[in-house]
Structure formats: C-alpha cells, structure tokens
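Trainee: I'd like to ask you about the structure that follows.
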Amino acid sequence: MSIFTLIIPVVVVLLVISLLMMSYVKAPPDTAYVISGIKRRVIIGKAGIKIPFLERVDKLDLKMMSVDVKTGESVPTNNFIDVMVDGAVKIKIGSSPEAILLASENFLNQSTDSIIPQVKDVLEGNVREIIGSLDLKDMLTDRKSFSEKVQENAVPDLKRMGLEIISFNIQSIRDQAGVIEDLGTENKSQIKKGAAIARANAEKEVAIAESEAAKIANDARIKADLEIAQKNTDLDIRKAELKRQSDLTKAQADAAYQIEQEEQRKTIETKTQEANIIKQVKEIELAAKEVEVREQRLKAEINKTADAERYQRIQKAEAELFEKQKDAEAKLFIATKDAEANRLAAEADRYAKEQEAAAIEARGFAEAAAIKAKGLAEAAGIDAKAEAMKKFSDAAIVNTVLKLPKINGNNYPLASFDSFSYRLTS
C-alpha cells in the first residue's frame, strides 16, 4: 500500500471537515446573522447552514443602545420661551422580520457607535418639534406626557429604519432667561404659605386631639374600674359554683368506681367461661383437622402410587410405539434404497445396451465406408491402367493382358481380350 492511498482519505476527510466548518454558523441571542446569496434568511440565537462560496453571512447587532438626546441650542416653546432639553433614549433593532429586513438595509455590519449618531439626529428633531407645540409649564409639570408625545412622534421615523424605542426619559429642561427659576420662586412662596397654613391647622388639630384624648382616657379609666369590680364578683360566684360541682362530681365518681369494679368482675368471669368454651371447641376442631389431614395424606400417597404406575405404563407404551415406528421407518428406508438401486441398475443396463448398439452401428458405418473406399480405389486403379494402355503398343497390351489375374480361377478368353483391346483402341 503506497503512501498516497493513505494520504488521499485523510485529505478528503479534512476537506469535508473544512467545508462543514465553513458552512456552519451559530448566532448569539443578541446578534442577527443575515445569510444572503441563494436565499435570504435570518438566524437569531440558533445554528444554521450556509453554502460555502455561494452565500455570505452578515451581522446585525440587536443589543439595546443608549442615545443621549440634547437640543444643543435653545428651542422656543409654544409660549415663546427658549429652552434646552436633555433626554435619555433606549432603542434597539426591532424583532419582527420586517424590522430586521429594514435594519439590515440600513445598519448591516455596523457597530452601535456608528448607528447612534444616525438615530440621534432623528430623535433631536422630534424633540424640537414637540417643544414647539407645548407650553413651558406643561413641559415642567407633566414630563411624562412630554416624553410620550416625543416618543409617539419619533416612532414612525424609527420604524422606517427598523428600530423601536424601549424608553424615552426627559433628564432636564433649562432656559437662559431664568423663567424656570422665577416659576420656582413663585412655587416656593405658594408652598411656604401652604406650609404655614398647614402647620397652624395641624397645631389646632393637635390641641383638639389632646383634649379628646384626655376625656377618652378618663372615661376609659372609670369604665375599667367598674369592669374590674364586676369581674371580681363574678369570679367569687364562679369559684363557689365550681367547688359545688367538684364535690358532686367526686361523689358520683366514687359510686361509679364501685359499680365499675363489680361490672369488671362479672365481665372477667364471663370472659373466662367463654374462653374455656372456645378452647374446647378449638381442641375439637383441631382433632377433626388432624383426622382430615391424615386422610388427605393417605389419599395423596395412594394417588401418588397410582400415578407412578400409570406413568410407568405410559412410558413403556410410548417406548414400544417408538421402537415400532423406528423399525417401520428403517424398513421403509431399506425398501426405498432397494428400489433406488434397482432403478439405477436398470438405467445402467439400458445405457450399456445403448452404447453397445451405438458401437455396432458405428462399426457398420466404418466397414461400409472402408468397402466403399476400397472399391473406389480399385476403380481408380483400373481407370489409371486403362489410360496408360492407350499409350502402350499392342505387344505391351498383350503382355499386360496375359499378366492379368484370374477371375474365378480362369484366364481371360481371347474374345474378351479382343473386345477389351477394341474398347481401348476405339
């Protein structure tokens, strides 16, 4: 085995592993993986497969972003007071497929540091727009409503970018003319006035409450003394009643104890007699059980002996039947083998006769062919001699004829020679 046969599988395995590693992607929960190429799809917080060289993976950060929104310069309110507003906004990329699609078109592969400046301009513009539609007092006294209006105004713009607002809080509202401070001073005076009135009312209420408390305390003390005296009287009466009931209960208990002792004695005697009767009955039943057990044991021994004899007879009959079956099977096997041997012998004899007939036939054909060949050879010899005689002289022919062999023990007659010579010359 060459080294290449060992290296090739290793290389193939490494290539397969490399392709699998290149195609396997796993997105964390705070990042969307956008796979594009053959088919666009988004993976968030799970694993997926991309086709190497044909598809690519881009990242979209889903973490929440903090945007510090400041107007930068003074913005006039609805009542023409220039103010500056600072706000803190929490935003993130929407979780719906449409929001992720829009966000991937605007912020794909961008960090939060690059996304925040783009969003900040939009939010500051919405803040300026809402400031121009509100009075300064409304903005100061109801910041929640101010935040909600800014948020409602900014949501459509952010939605078109694939973003959503998590929270919008107004941090501070300032003005350069000191209007907010003056409003605070007025509010402070009103608050101090309200506080003085509240303090006087509180002192009056305290005095009234102290008088009422003293009266209530005195009434409560008198009522408590009366209740204590009544409780003491009730206690003495209750003690006398309890002593009388205790004495009566003790007398009843003593009488009941004597009666109970007599009842217990009678019960013991009755139980003793019943126990003796039950013991005698149990002894009779036990004797009957022993007789029954002896009878059952005797029956069991008799049945066991009969079962053993019956089992022995069954086993003997089964053994004789088995021997007969085996003997019949052996005879049948021998007869089958004899029939098979006879059939094979008959087939062998038939085959031998067929071979012998074929040999005789072949020998006849061979002899006929030999005779035919011999005749053809003699005829060819005679033809050759005749052809040669055409070229001989008469003397040679006579000499040749005289040397011909005898046919049937006689020489050729002269007439035969004349006719023969005539045929040769003609």
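The values are calculated or read from the model by the stated rules, or taken from the named source; none is laboratory data. Keep in mind the model is a prediction, meaning the values are calculated, not measured. Glycine also receives a Cβ, built like all others from the backbone with ideal geometry; neighbour counts cover every protein chain displayed. Surface areas here come from the heavy atoms of the whole protein model, side chains and all, with no ligands, DNA or RNA. Shrake-Rupley method; radii C 1.70, N 1.55, O 1.52, S 1.80 Å.
Trainee: Exactly one of (1) open to solvent by less than 60 Å² (accessible area, probe 1.4 Å); (2) at pLDDT 80 or above is unmet by Met389. Its number?
Mentor: Only one criterion is unmet by Met389, namely (2).
Conditions tested, residue by residue: (1) over 18 Å from Leu108 (Cα atoms); (2) open to solvent by 70 Å² or more (accessible area, probe 1.4 Å).
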site: Val12; (1), (2): yes, yes
site: Val16; (1), (2): yes, yes
site: Pro28; (1), (2): no, no
site: Ile35; (1), (2): no, no
site: Arg40; (1), (2): no, yes
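Trainee: Let me ask something else. Could you tell me which of the residues Tyr311, Tyr351 is surrounded by 10 or more Cβ atoms within 10 Å (Cβ to Cβ) and under 60 Å from the mean Cα position of the chain (by Cα)? Outline the logic, then answer.
Mentor: Numbers: Tyr351 fails: under 60 Å from the mean Cα position of the chain (by Cα).
Selected residue: Tyr311, the only one of Tyr311, Tyr351 that is surrounded by 10 or more Cβ atoms within 10 Å (Cβ to Cβ) and under 60 Å from the mean Cα position of the chain (by Cα).
Trainee: How many residues are open to solvent by 60 Å² or more (accessible area, probe 1.4 Å) and either more than 28 Å from Ala177 (Cβ to Cβ) or of a type in the set (Phe, Trp, Tyr) (or both) when one looks only at the stretch 64-96?
Mentor: Looking only at the stretch 64-96, we keep the residues that are open to solvent by 60 Å² or more (accessible area, probe 1.4 Å), and these are 64, 66, 68, 70, 72-73, 76, 78-80, 82, 90, 95.
If we keep only those that are either more than 28 Å from Ala177 (Cβ to Cβ) or of a type in the set (Phe, Trp, Tyr) (or both) as well, we get 64, 66, 80, 90, 95.
Selection size over the stretch 64-96: 5.
Trainee: Now a separate question. Cβ-Cβ below 7 Å, separation at least six or inter-chain, first residue in the stretch 94-119 and under 23 Å from Arg40 (Cα atoms), second of a type in the set (Lys, Arg): which pairs?
Mentor: Once the first residue is under 23 Å from Arg40 (Cα atoms) and sits in the stretch 94-119, its partners that are of a type in the set (Lys, Arg) give Leu102/Arg160; Asn109/Lys59.
Trainee: Okay, next question. Is it the case that Gln280 is open to solvent by 100 Å² or more (accessible area, probe 1.4 Å) and over 60 Å from the mean Cα position of the chain (by Cα)? First the steps, then the outcome.
Mentor: Numbers: open to solvent by 100 Å² or more (accessible area, probe 1.4 Å): yes; over 60 Å from the mean Cα position of the chain (by Cα): yes.
So Gln280 passes the test.
Trainee: Show me the strands (runs of 3 or more DSSP E) entirely contained within the stretch 1-115 in which 2 or more residues are farther than 30 Å from Asn126 by Cα. Even if it seems obvious, please write down each step before you answer.
Mentor: Working: elements: 24-26, 31-36, 41-44, 47-49, 56-61, 65-70, 82-93.
Correct list: 24-26, 31-36, 41-44, 47-49, 56-61.
Trainee: For the stretch 120-153: of the residues being closer than 29 Å to Leu101 by Cα and touching a residue at least 60 places away in the same chain (Cβ under 8 Å), which is surrounded by the fewest Cβ atoms within 10 Å (Cβ to Cβ)?
Mentor: Keep residues of the stretch 120-153 that are closer than 29 Å to Leu101 by Cα, which gives 120-127, 129, 147-153.
Remaining after also requiring touching a residue at least 60 places away in the same chain (Cβ under 8 Å): 147, 150.
Values: Ser147: 18, Val150: 25.
Looking at the filtered set, the residue picked out is Ser147.
Trainee: Separate question: Might you check whether a residue that is open to solvent by less than 90 Å² (accessible area, probe 1.4 Å) and within 30 Å of Leu140 (Cβ to Cβ) occurs anywhere in the stretch 105-117?
Mentor: yes
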